[in-house]
1. If ligands, DNA and RNA are left out, what is the accessible area of Asp69 with a 1.4 Å probe, given in Å² to the nearest 10?
2. Quick check: residue separation of Ser186 and Lys162 times 0.36 nm, minus the Cα distance between them. What number comes out in nm?
3. How tilted is helix 126-135 with respect to the longest principal axis of the chain? Cα atoms for both, answer in degrees (0 to 90, nearest 10).
4. Hey, what's segment 250-395 come to in accessible area per residue, 1.4 Å probe, Å²?
5. Tilt of helix 342-351 relative to the longest C-alpha principal axis of the chain, in degrees (0 to 90, nearest 10)?
6. In Å, what is the Rg of the alpha-carbon atoms in the chain, and how long is Dmax?
7. Once the Cα atoms of helix 296-315 and of the chain are each reduced to a long axis, what angle between those two axes, in degrees from 0 to 90 to the nearest 10, is obtained?
8. Please compute the net charge surrounding Arg71, taking Lys and Arg as +1 and Asp and Glu as -1 over other residues with Cβ under 15 Å from its Cβ.
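The values are calculated or read from the model by the stated rules, or taken from the named source; none is laboratory data. Not measured: the values here are computed from a predicted model. Because the Cβ atoms are built from the backbone with ideal geometry, glycine has one as well, and the counts that use them run over all protein chains shown. Ligands, DNA and RNA are stripped out before the accessible areas are found, and what is left, the full protein with its side chains, is counted by its heavy atoms. Shrake-Rupley method; radii C 1.70, N 1.55, O 1.52, S 1.80 Å.
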Amino acid sequence: MTSLGARAEFPALEQKINGHSLVYLDSAATALKPKAVIEAISHFYAYEAANVHRGAHALGDSATEKFEDVRASVARLIQAKDATEIVFTKGTTESINLVVQSWGRRFLRAGDVVILTEMEHHANIVPWQNLADEIGFHIRWIPVTDAGELDLQAYQNQLDEKVKMVSLTFASNSLGTVNEVEKFISAAKSMGAKTLIDAAQVMTIRNVDVQKLNCDFLAFSAHKLYGPFGVGVLYGRGEILSEMPPYQCGGAMIAEVTKEKTTFLLPPQLFEAGTPNISGVIAFGHAIQFIRDISAEKISKHEQELTARLLEKLKEFSFVRVIGDSPSRVNIVSFVVDRVHPSDIGQLLNQQGVAVRTGHHCTQPLMKRFGVTGTVRVSLGVYNNEGDIEELIRALKKAWEILV
Ligand code: PMP
C-alpha cells in the first residue's frame with residue numbers, strides 16, 4: 001500500500017486526544033492544515049499585512065501581486081480559460097449563493113425549472129428553494145438509486161425546455177459516490193440549460209478540467225483542500241459572468257460612484273466587494289502547491305486503496321451496514337450500526353482518539369431517501385494510513401461491545 005510520507009507536515013497529528021494519538025478521519029468536513037499553509041498565514045500577518053487592489057505602497061503592491069498569482073494558480077488548477085473566470089468567495093456555500101442571487105435573480109422566471117439531486121448538500125438546496133419561493137420557479141429532483149448513484153435515465157426524462165439550470169454535486173459528501181457529471185452536463189447543454197457543479201469533495205483527488213467538463217459554474221472551498229477557512233472559489237464561464245449583476249456592492253468593485261449613479265468594474269472584481277480574506281487566499285496558494293508537489297494522482301491512488309481496505313474491514317462486522325455501494329467513490333464511507341445511534345458511536349470513538357463525523361452531514365433529503373436520520377462518516381486524507389484504519393476498526397469493535 002502506498003504511503004505519501006505527508007504526516008510530518010501536519011502538526012495537528014502530534015497531539016493526544018483523550019490520552020490517545022489523534023486518528024483524524026474527518027477530512028470531508030475539513031482537511032488538516034500542513035505547515036506550509038499555517039506558516040504562510042502567520043508570515044503574511046507578521047510582515048506583509050496590507051490591503052489589495054489599493055496601490056500606493058510596496059506592501060500593498062506585493063499583497064496584490066501574491067493575491068492575483070493565486071487566482072492564476074486556481075485557473076490553472078481547474079483549466080479555466082482565463083483567470084478572470086475565478087471569483088474568490090468565502091467558501092462553496094457563498095459561491096452557490098452568489099450564482100443563485102446574481103444569475104438566478106436575473107435569469108429565472110415563474111414557471112421555469114431548476115434540477116437538483118437527492119444527494120445535494122443543503123448548500124445546494126436551500127438557496128434555490130428560497131429563491132423559488134420568491135420567484136415561482138419549480139425544483140425537480142434527480143432520484144438516487146439503492147446503490148447511492150444518480151438515476152441518469154430519470155434525469156433525462158425530466159429534461160425539457162422549461163429547465164434553465166441543472167445544479168449537482170460532483171461527489172456526495174455523505175456517501176462518497178462520484179457522479180458522472182459529464183453526462184449530466186452534456187444532456188443539460190443539449191436542452192440549453194446552464195450547469196453548476198459543486199466540487200467541494202473532489203478537488204484533492206481529481207484533476208478537474210472545467211473546459212472538458214463544459215460546465216458553466218463550479219464551486220469549491222479551500223479548507224477541504226488542505227487550505228485555510230474562509231476562502232472559496234466560484235468558477236464562472238466568462239460570457240456568463242459578464243451578463244450577471246453584482247451580488248454584493250461596496251468598495252473594490254466600482255469604476256466610479258457619483259450621487260446619481262455607480263459604474264462597475266468587470267468580473268471577477270465585480271463579485272468581490274470589500275476587503276477579501278487576503279492571508280487566506282495567499283495561504284491557499286501554498287495548499288495548491290502542497291497538493292501539486294504530491295500529485296492529485298498519487299493522492300487519489302492512496303485514498304482509493306485506503307477506502308477499499310476500510311470497506312473490506314467494515315464488511316467483517318455483521319452489525320455494520322454501509323450506505324451506498326457505488327464502485328465510483330471518493331475517500332468517504334458512511335455506515336450505520338444496528339440498534340445504536342450514530343452519535344453514540346461517534347462519542348465512543350472520540351474517547352479513543354478517533355475523530356469521525358456523525359449526523360445527517362447537511363444532506364437530510366438523502367438521509368430520508370435511505371430511511372436513516374444520520375450515519376457515521378469516515379473520510380480520509382493524505383495523512384491517513386493503514387494504521388488509522390486498524391485503530392478505527394479496533395475502536396469500533398470496542399464501542400459495539402460497550403453499547404450492546
Ligand atoms: N457542498 C458539499 C458537497 C460539501 O461537502 C460542503 C461541505 N460539507 C459544502 C457544499 C459546503 O461547503 P462550505 O461549508 O465550505 O461552504
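1. 90
2. Gain on stretching Ser186 to Lys162: 7.0 nm.
3. On a 0 to 90 degree scale, this one is about 40.
4. 44
5. 80
6. 21.9, 72
7. Orientation of helix 296-315: about 40 degrees from the principal axis.
8. Residues close to Arg71 contribute a combined charge of -3.
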